[in-house]
1. Would you call L116 at pLDDT 95 or above, under 21 Å from A15 (Cα atoms) and assigned to a helix (DSSP H, G or I)?
2. Count, please, the residues in the stretch 526-535 that happen to be of a type outside the set (F, W, Y) and assigned to a loop (DSSP other than H, G, I, E, B).
3. Out of the stretch 426-483, which residues are closer than 25 Å to F497 by Cβ, charged (D, E, K, R) and within 25 Å of the chain's Cα centre (by Cα)?
4. Scan the stretch 177-225 for residues that are closer than 17 Å to T242 by Cβ and in a loop (DSSP other than H, G, I, E, B) and report the count.
5. Cβ-Cβ under 6 Å, sequence separation 6+ or interchain: first residue in the stretch 439-453 and among the charged types (D, E, K, R), partner crowded, with 16+ Cβ neighbours inside 10 Å and in a loop (DSSP other than H, G, I, E, B). Which pairs?
6. Could you list, in sequence order, the residues of the stretch 503-541 that are surrounded by fewer than 13 Cβ atoms within 10 Å (Cβ to Cβ) and farther than 26 Å from G327 by Cα?
7. Quickly run through the stretch 134-155 and pick out the residues that are part of a loop (DSSP other than H, G, I, E, B) and either more than 22 Å from D373 (Cα to Cα) or more than 27 Å from the chain's Cα centre (by Cα) (or both).
8. State all residues of the stretch 487-506 that are under 18 Å from L344 (Cα atoms) and either free of Cβ contacts under 8 Å to residues at least 12 places away in the same chain or more than 28 Å from the chain's Cα centre (by Cα) (or both); if no residue qualifies, say none.
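The values are calculated or read from the model by the stated rules, or taken from the named source; none is laboratory data. For clarity, every value in this text was computed on a predicted model and none was experimentally measured. Every residue, glycine as well, gets a Cβ built from its backbone with ideal geometry; the counts of neighbours run over all protein chains shown.
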Amino acid sequence: MLDKTKKDWWKSAVAYQIYPKSFQDTNGDGVGDLPGIIQRLDYLQELGIDVIWLSPVFASPQVDNGYDISDYRAIDPMFGTLEDMQTLIREGKKRGIGIMLDLVLNHSSDQHRWFLEAKKSKDNPYHDYYVWRDGVPGKFPNDMKSVFGGPAWDWVPEVGQYYFHQFAPQQPDLNWENPALRRELYDMILWWMEQGVEGFRLDVIDQIAKEPDNFITNNGPRLHEFLRELSRETFQKGCLITVGEAWGADTERAKLYSAPDGSELSMVFQFEQMMLDQKGEKWDPIPLPFVKMKQSFAKWQTALHSCGWNSLFLNNHDLPRIVSRWGDPGKYRVQSAKLLGTMLHGMQGTPYIYQGEELGMTNIQLPIEEYRDVEILNMYRERLKKGYAPEDIMKSIYARGRDNARTPMQWDSGKNAGFSEETPWLPVNPNYEEINAEKALADSDSVFHYYQKLIALRKEYPVFVHGDFTLLEEEHPKLFVYRRSWQGKEALVVCNFSEEETEFTLPEGWQGAQTLLDNYPQQEAEQPMRPWEAKILYQEK
């Protein structure tokens, strides 16, 4: 187990994201719950992870799958009770697994007590917890659009004002300019720290310092001031792992977010690599520009080395399954799933595994009426109005829809993949009989056991935590090759992003190096790289 009393314990950690609605149902309502996660802790302990990032389980009307919180200190009944959460925290600690809560500090639900009070009167003390502008019905303060489509303003006749919402109308933005609001949020975080949580993931945190009059929705002038105060008042009072979702982050901003002095956060989720294979918006996918992808990873690895920290991820609840996106979900599904894990876990940073990634789960294709995601449904309606052909819209959804990542976890080949005895809230991927945890655990050559080895390498070889990064074969159209170096210890990661054999010559000085890991049976080092082959070599000088 990691010693989590050390300030930077999370540098050696591997996190696992759980989307609770889709992990394990125990009460037969078709929705995953906290007792289901408790039931599967032994599975996660066997995998070897150190932290569970738990997508929101707070009380919520579920307009945006829990990212619209109506009570930050209450558990939504669909997931269980506060006692269940306390049991999860306690049972996780026994296994060396901490809980990282997903906090939404940019906005609340419109059903939150604060907003219900705020709508009553301009003089209500909670009114200034939100962002308001005077106006008249039908004439918006400006023409800003929300992320989910439509205007970013909604009219409240009781106060004769518009409120601002960057997401759904049911998700009013919080006013971080108000110190009373900030104090409420800090006290809530401190309360959860007392409950024993070991970290927080902060949803769209780069949007808290918005200036809607100036069309500034992220990276506002006071952002880092707010983050430093937040950290000082809360996170620095414990040894926590904290990660902020920051779609607008560049390397310079990331150095501020993840400065070694701990003045803001441990790290951020940035999305530069995950936006390379799209033209404009995400619904217009293009083939992965492979060389650009390598260069982007290399840029972040080198820019943050010794002065910041990377988060490493390819999947999450908002992204399609990476095997279907960058790998081969067909003939070479297992090999490409292992390759993608190798590429990522060999880098410097804290890796995040999304539930089912360790099984090589793939995207799903449903009829439009079976999707649940508000973003998918809004996009479908908007593109229909613009004249897009329905089949073209569906192709975009199959490639990029968030529900791809939200289908139920595939535990076994039984009813509903072992997720629930009743009809799941979202259909199970039909390939669950072939791809499931029970089958993976029984197969020593499975994606699961390969991920187990990747996690163990990070604990056993400090070069993966501390080493610097050098990109090799930069312009090669198929090979992603890089070297990690630290105190005379070196690792070489070689990945063949191709279904064809690819010639590769070892760099000088690497003949005779030890093979730590290979997603094929080992062969002579100078042989061509096999389809979707990945290997890690190691030597000490």
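1. Values: at pLDDT 95 or above: yes; under 21 Å from A15 (Cα atoms): no; assigned to a helix (DSSP H, G or I): yes.
Answer is no for this residue.
2. Number satisfying all stated conditions: 6.
3. If the condition is that a residue be closer than 25 Å to F497 by Cβ, charged (D, E, K, R) and within 25 Å of the chain's Cα centre (by Cα), then K453, R458, D468 are the ones that fit.
4. Counting residues in the stretch 177-225 that are closer than 17 Å to T242 by Cβ and in a loop (DSSP other than H, G, I, E, B) gives 6.
5. So the pair list comes out empty.
6. E508, G509, Q511, G512, Q514, E540, K541
7. G135, P137, G138, F140, P141, N142, D143, M144 - these are the residues of the stretch 134-155 that are part of a loop (DSSP other than H, G, I, E, B) and either more than 22 Å from D373 (Cα to Cα) or more than 27 Å from the chain's Cα centre (by Cα) (or both).
8. Matches in the stretch 487-506: E490 only.
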